[in-house]
Structures are given as C-alpha cells and as structure tokens.
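First up is the structure itself, then whatever we jot down about it.
The values are calculated or read from the model by the stated rules, or taken from the named source; none is laboratory data. Just so you know, these numbers come straight off a predicted model, no measurement behind them. Neighbour counts are summed over all protein chains in view; Cβ atoms, including those assigned to glycine, are modelled from backbone coordinates with ideal geometry.
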Amino acid sequence: MDKSNLPAHVGIIMDGNGRWALQRGLIRTQGHVEGLNTAKVIVKAAADMGISFLTLYVFSTENWKRSVEEVGFVMGLAKQYLRSELGIARENRIRVRHAGDMEGLPKDIQKELEYVCEETKSFTGMQAVMALNYGGRDEIVRAIKRMIQKGLLDPQSRDFSGISEDSISQNMDNPDIPPPDLIIRTAGEFRTSNFLLWEGAYAEYYISDKLWPDWTGEDLIEAVNVYQNRERRFGREKR
C-alpha cells in the first residue's frame, strides 16, 4: 500500500447483516450484532492505516420502514455502539461526529450521540462520522433550510445570487470534512442507497461481494489498494 496515496475520506455502506444471519439460520437481529462487531474492527483498522475521515452508514432515513422490532433493536445497538466507541475513541484519539437528522432520533440516542461527540471533539486522530438517521436527499433539503434561516436564500424574492455549489456545500451536515475519495459497498449491491449524494459526486466506488459481518481489516486494505490503482480525472480527459 502506498501510504502517500491514501484516500483521505472513506465512506462505507455496511450492507448484508440480515442476509448473513439468514444464511446461518439465525434471526436478522443477530446479523446486526455481528455487523456492530465488524464496525469496531474496521474503525480501528482505518485509524491504524492513517485514514483521516471514515463515514459509516449506520441507519438511513428509509430504514424506519422496517419492522418496529428490528428498528428498536438497531437503535439499541446504536446506543451500545456509541458507548463502546467512546472507549475505542479515547484509546486511539478518534473524534466521533454525526451526520443526519438528529431531531428525528429517539431522545436517548440523541443524548448519547451528543455526549460522545462532545467528549471526543478535541481528539486529533481519525474522525469517525456516524451517519445515523441519514439520507442524502434529506441532507440537501436541510442544507437549503439552513440557507433560508441564515438569510442566504429568500424564497419570496427572485434573487438567487446566494445559491452556489459552494454555499450549499457550506450548509451540509459536516462542511469542514472533505468529500469522500472512496465509497465502499458490501454484499455485492450496486446502489448508492441515498448515501452522501452531494459529497460523493466524484468518489470512487468499490463493491465487495462479502457481507458486512464477514469483513476484516484485510478487506479494507484490498479496497484501498484497488482505489490506488485507479486514475481519478474529475472531468478531465484520460491521460
């Protein structure tokens, strides 16, 4: 691996927990438990590798459509993960951040998330972003609402001078974090699933056939190796 050519920001769509469980004759929620354990492993592996930003797609705005039982279980796991993540974060000086609609989360999850983010905000290691109650379209809508609240956009006038790619970017959930260089999707699916739609316009995608609970640090290394062998052109002609 070329340490001088690491992706600064990696996003991961962690897919396949339910299938992993069903293939083993287990209930779907057991797959989420294993997926949680994998997330801990990959956060540590990414930090050790030297990646600066890691965004994990934990729970989407669409995931509320699942059964009440499964949603409740996943929320409980998210709370458990945030607590355990705090220990990992302190040990490795990882800053934990959030992307998504905070107000749409249960109050206890909001409290836990705010506490972990506050406790780690001074840490200077890798920044791990929990995309929880997150949707790319929803984030763009909320960015526009922020612009209206700041007076950058007046829906009653015909003055659109305050609207630009930069002004929209500056009102996204984490405007100081660079766009993802690499987005990984597990379980062999070829969909963005509403993940980082604005920020990921020029991200390189890596699709893994392995289900998320089967992932290891070696799989992350392989994904980065593939990334390093691609030519990123950003609209320029191929060299």
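Restricting the stretch 193-213 to residues that are assigned to a loop (DSSP other than H, G, I, E, B) and of a type in the set (S, T, Y), the residue that is nearest to E62 (Cα to Cα) is S193. Checking the stretch 147-156 against the condition returns no match, with no residue being surrounded by 15 or more Cβ atoms within 10 Å (Cβ to Cβ) and either closer than 30 Å to Q30 by Cβ or among the basic types (K, R) (or both).
Scanning the stretch 83-106 for residues that are in a helix (DSSP H, G or I), more than 23 Å from D138 (Cα to Cα) and not polar (S, T, N, Q) returns R83, E85, L86, G87, I88, A89, R90, E91.
If you check N17 against the conditions, is it free of Cβ contacts under 8 Å to residues at least 24 places away in the same chain, surrounded by 15 or more Cβ atoms within 10 Å (Cβ to Cβ) and under 27 Å from A201 (Cα atoms)? Considered against the rule, which asks whether it is free of Cβ contacts under 8 Å to residues at least 24 places away in the same chain, surrounded by 15 or more Cβ atoms within 10 Å (Cβ to Cβ) and under 27 Å from A201 (Cα atoms), N17 comes out as no.
Rundown of residues vs (1) among the basic types (K, R); (2) under 24 Å from I51 (Cβ atoms); (3) at pLDDT 95 or above, yes/no style:
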{"position": "S164", "(1), (2), (3)": "no, no, no"}
{"position": "D173", "(1), (2), (3)": "no, yes, yes"}
{"position": "P178", "(1), (2), (3)": "no, yes, yes"}
{"position": "I184", "(1), (2), (3)": "no, yes, yes"}
{"position": "S208", "(1), (2), (3)": "no, yes, yes"}
{"position": "W215", "(1), (2), (3)": "no, yes, yes"}
{"position": "F234", "(1), (2), (3)": "no, yes, no"}
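Taking the numbered list (1) at pLDDT 95 or above; (2) among the charged types (D, E, K, R); (3) out of contact with any Ser or Thr (no Cβ under 8 Å at 6 or more places or on another chain) in turn, R95 passes all entries but (3). Restricting attention to the stretch 104-113 and to residues that are in contact with a strand residue (DSSP E or B) (Cβ under 9 Å, 6 or more places away or on another chain) and over 10 Å from L82 (Cβ atoms), the residue that is surrounded by the most Cβ atoms within 10 Å (Cβ to Cβ) turns out to be L105.
The sole residue among A128, A99 that is of a type in the set (A, V, I, L, M, F, W, C), in contact with a helix residue (DSSP H, G or I) (Cβ under 9 Å, 6 or more places away or on another chain) and under 18 Å from W198 (Cβ atoms) is A99. Within the stretch 15-56, the set of residues being part of a loop (DSSP other than H, G, I, E, B), touching a Lys or Arg at 6+ places or on another chain (Cβ under 9 Å) and either of a type in the set (A, V, I, L, M) or farther than 19 Å from V129 by Cβ (or both) comprises G16 only.
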